[in-house]
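The values are calculated or read from the model by the stated rules, or taken from the named source; none is laboratory data. Just so it is clear, the model here is predicted, and its values are computed rather than measured. Don't worry about glycine lacking a Cβ; one is built from the backbone with ideal geometry, like all the others, and counts go over all protein chains shown.
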Amino acid sequence: MWRGIAAFGVVVVISTGCGGGSGAATPAVPAASAAKLGVLLNSFANPRSFHRAASLAGLSVHRPVALVRPDAPLASDRSIDSVWISDAHPSGAHSIVLIWKSGVVETIERWRCNCQAETSLREMGHEKPFRFLMLRGAPAVTDQSFPGQAAAGLFGPIPEAEEKYGRPATVETLRDGYNITLWQYGAHTQAGLLAAARTLPVAHAGFQVRGYDAGGAALGDWNGPHGIDVAPQGGARFGIGVALKNIAGRRLTITGVHTIPGFIRLVGIHLRRYTLPIGDAAGPMIARVPYDATPRRLDYRLGPKRWVGVQLDFEVRNPCIRWAQLVYDRTVEVDYTEDGRGGYIQEVPMVPLHIPRGGGC
């Protein structure tokens, strides 16, 4: 997660104690002292919430994202010091952290936000000391270390590593539904972190997105960037349709669609074969009645260059629930597997909705 999370000691770490990998000799890289590695472990791995992973190979069977890591001298498979995994969060997700002998730490956590990832990081990248960049096809932000920050008078709970070594340099990127951040303490560490981060695999994309439609009594007319008005009628249902094309070059299997509940909640998912219209012709409606509940576990196979129409059915929550008013997740997450490879998650931007506050509450 972003630096603010680490400042309060909420970070995941994984310790394997196993190197792994083989091939050409790794160039010599200055190793962090045992004392510093101990400080990093104490700061990033809370023993009440994390346990040591038996091996990277075993971990990757269930969580392939653990394999998304640099293969650079500063932080390579051959120089991992330790790997840890968190107990399950309320959502069922786990956090992962890798510590390298060089003193680099990598945290891997599920990305969940009522926002679009690239837009969110671009906005963050405009604020000092952060800088936005595209990293191997994925949005990223970076900032420099500030070793003197420890003496500058920080407030609130401070991890031992930050108290001892100051603010670390970071490189944070989002890919496959995960937030991946590299951390390193000490002066002049940003350039090395960026070099390591640039060895991450190219960001994977399985779907091309095109063609929205919507229907339901709760919806008003489309009004450009303003989007569609949603009447605050508790219990009312409507559907939003979006077309997805398999651009991965292999058969994909859609296994789930997820969103963050807010003023509206996802109650149904329908997947249907879709044919892209030719020229200016109107394509077939994706969102159709009834807007009903369906099994949340999916198993829809989609061949290369084929299209699928995804209908998402939503229900309007009670408009008098104040915490839910105006909250709408502009993206949904599509979980899918690719033949011969592991599982992936892709963000799909959705139709903008304008949700006025309910009256009479």
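Tyr344: buried (at least 19 other Cβ atoms within 10 Å of the Cβ), modelled with pLDDT of 75 or more, out of contact with any helix residue (DSSP H, G or I) (no Cβ under 6 Å at 6 or more places or on another chain) and in a strand (DSSP E or B), yes or no?
On the way: buried (at least 19 other Cβ atoms within 10 Å of the Cβ): yes; modelled with pLDDT of 75 or more: yes; out of contact with any helix residue (DSSP H, G or I) (no Cβ under 6 Å at 6 or more places or on another chain): yes; in a strand (DSSP E or B): yes.
Considered against the rule, which asks whether it is buried (at least 19 other Cβ atoms within 10 Å of the Cβ), modelled with pLDDT of 75 or more, out of contact with any helix residue (DSSP H, G or I) (no Cβ under 6 Å at 6 or more places or on another chain) and in a strand (DSSP E or B), Tyr344 comes out as yes.
Out of everything in segment 262-271 that is more than 12 Å from Gly239 (Cβ to Cβ) and in contact with a strand residue (DSSP E or B) (Cβ under 8 Å, 6 or more places away or on another chain), what residue ends up being modelled with the highest pLDDT? Residue satisfying both the conditions and the ranking: Leu271.
This table checks each residue for (1) assigned by TED's automatic domain parsing to the domain that holds Ala72; (2) within 30 Å of Val242 (Cβ to Cβ); (3) crowded, with 22+ Cβ neighbours inside 10 Å; (4) among the hydroxyl-bearing types (Ser, Thr, Tyr).
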{"position": "Gly103", "(1), (2), (3), (4)": "yes, no, yes, no"}
{"position": "Arg122", "(1), (2), (3), (4)": "yes, yes, no, no"}
{"position": "Phe130", "(1), (2), (3), (4)": "yes, no, no, no"}
{"position": "Gln144", "(1), (2), (3), (4)": "yes, no, no, no"}
{"position": "Gly148", "(1), (2), (3), (4)": "yes, no, no, no"}
{"position": "Gly166", "(1), (2), (3), (4)": "yes, no, no, no"}
{"position": "Gly177", "(1), (2), (3), (4)": "yes, yes, no, no"}
{"position": "Gly186", "(1), (2), (3), (4)": "yes, no, no, no"}
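Taking each residue of segment 75-94 that is in contact (Cβ under 8 Å) with a residue 60 or more places away in the chain and looking for partners that are among the charged types (D, E, K, R) and loosely packed, with under 15 Cβ neighbours inside 10 Å with beta-carbon atoms closer than 8 Å, six or more apart or interchain, yields His94/Asp87. Considering Gly4, Gly103, Gly9, the condition of being of a type outside the set (A, V, I, L, M, F, W, C), modelled with pLDDT under 70 and assigned to a loop (DSSP other than H, G, I, E, B) is satisfied by Gly9 alone. For segment 44-81, the set of residues classified as within 24 Å of Ala138 (Cα to Cα), in a loop (DSSP other than H, G, I, E, B) and at pLDDT below 80 consists of Arg63, Val68, Arg69, listed by residue number.
Just to be sure before I move on: is Thr199 more than 29 Å from Ile278 (Cα to Cα), among the polar types (S, T, N, Q) and in a strand (DSSP E or B) in the structure I sent?
On the way: more than 29 Å from Ile278 (Cα to Cα): yes; among the polar types (S, T, N, Q): yes; in a strand (DSSP E or B): no.
No.
Here Asp292 clears all of (1) surrounded by 13 or more Cβ atoms within 10 Å (Cβ to Cβ); (2) touching a Lys or Arg at 6+ places or on another chain (Cβ under 8 Å); (3) part of a loop (DSSP other than H, G, I, E, B) except the condition numbered (1).
Which residue is modelled with the highest pLDDT, if the candidates are limited to segment 111-166 and must be under 20 Å from the mean Cα position of the chain (by Cα) and among the small types (Gly, Ala, Ser)? Among residues in segment 111-166 that are under 20 Å from the mean Cα position of the chain (by Cα) and among the small types (Gly, Ala, Ser), the one modelled with the highest pLDDT is Ala140.
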